[in-house]
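Okay, so here's the structure we're looking at.
The values are calculated or read from the model by the stated rules, or taken from the named source; none is laboratory data. It should be emphasised that the depicted structure is a prediction, and the values quoted were computed from it without experimental measurement. Cβ: placed from backbone, ideal geometry, glycine included. Neighbour counts: every protein chain shown. SASA here: full protein model, heavy atoms, side chains in, ligands and nucleic acids out. Shrake-Rupley method; radii C 1.70, N 1.55, O 1.52, S 1.80 Å.
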Amino acid sequence: VYFAVTTGSEAYLGLQKYFQLEGMAYRLVPIKNNSANIEEEPRVNTAVMYDNMMHKFKWGNMGKGIYLDENVRRMATDMRIQASTLADALIKENKKDSALKVLNLIQDSIPKSSCSFESPYVMFLLDRDYYAVGDMKKANTLAKDMFSTFKKDLLYYNSLEPENANYYHQNVMQTGYILQNMMYMVQNFKQEDLEKDLTERLNKLQKSGELKTQ
């Protein structure tokens, strides 16, 4: 018995503690997940999911930069989420080479040119995984691109008239939160030059009043 990852929790019949992630679906298994946060730490069958994602999934032409409508972009974001979840699980199993292959696959198959950084938090997780596997060059390149993109988004939200800006209040809060945590992340992975650059850019945003945390 399988449940799609794209359905809401109301469709799971309260069985989430017995779910095992194998790709874009959860398999119902007789093994209880005792994690305190099942959504963020699902049980992952890394062998099955890695084989599915790397060898069985058909990725189509997203990698060529074709136009994706809003619905397809949401599906692409879901794919990024599952790729990050798999990479996290592989890293915990000390299979960093496999995790890196997953990260490269998702970046090549769903590039920014086809699907922009729809969810700052999801992209933050993918970048964190790049740092965790030790590919500092790709991690730093992605971090710089993300920071510039999210800064541009933040400036746009803040440029709107109050009646329109209120609609994006949560976006403003999340974007500010991610920008700050990106600086902490590069600091944690000892990327001193990038840390200095991001700190200076954050300070400018704070002094200008563009960066809001509450």
For Lys56, list the lysines whose Cα falls under 25 Å from its own Cα; do not include residues on the same chain fewer than 8 positions away. Lys64, Lys92, Lys95, Lys96, Lys101, Lys112
Per-selection Rg to Rh, the stretch 62-131 - Cα, Kirkwood hydrodynamic radius: 0.98
Residue-normalised accessible area of the chain, expressed per residue, 1.4 Å probe, Å²: 57
Degrees, to the nearest 10: 136-159 long Cα axis against longest axis of the chain: 60
Heavy-atom accessible area ranking, 1.4 Å probe, most first, across Thr85, Thr7, Thr141: Thr141, Thr7, Thr85
Would you mind telling me the share, in percent, of accessible area of the stretch 61-101 contributed by carbon and sulfur at probe 1.4 angstrom? 49
Taking only Cα atoms, what is the 0 to 90° angle, nearest 10, from helix 120-133's long axis to the longest principal axis of the chain? 70
Please report the net charge: other residues with Cβ closer than 14 Å to the Cβ of Asp197, K and R +1, D and E -1. 0
For the chain, convex hull of alpha carbons as volume per residue, Å³: 146
Taking a ≥ b ≥ c as the square roots of the eigenvalues of the Cα gyration tensor of the stretch 32-83, is the shape rounded (a/c under 1.5), prolate (a/b larger than b/c) or oblate? oblate
Peptide ranges 152-164, 96-108 listed from the most packed, as the mean C-beta count within 10 angstrom indicates: 96-108, 152-164
Row for the stretch 7-96, column shape: gyration tensor on C-alpha, a ≥ b ≥ c, rounded if a/c < 1.5 i.e. under 1.5, prolate if a/b over b/c, else oblate; value oblate
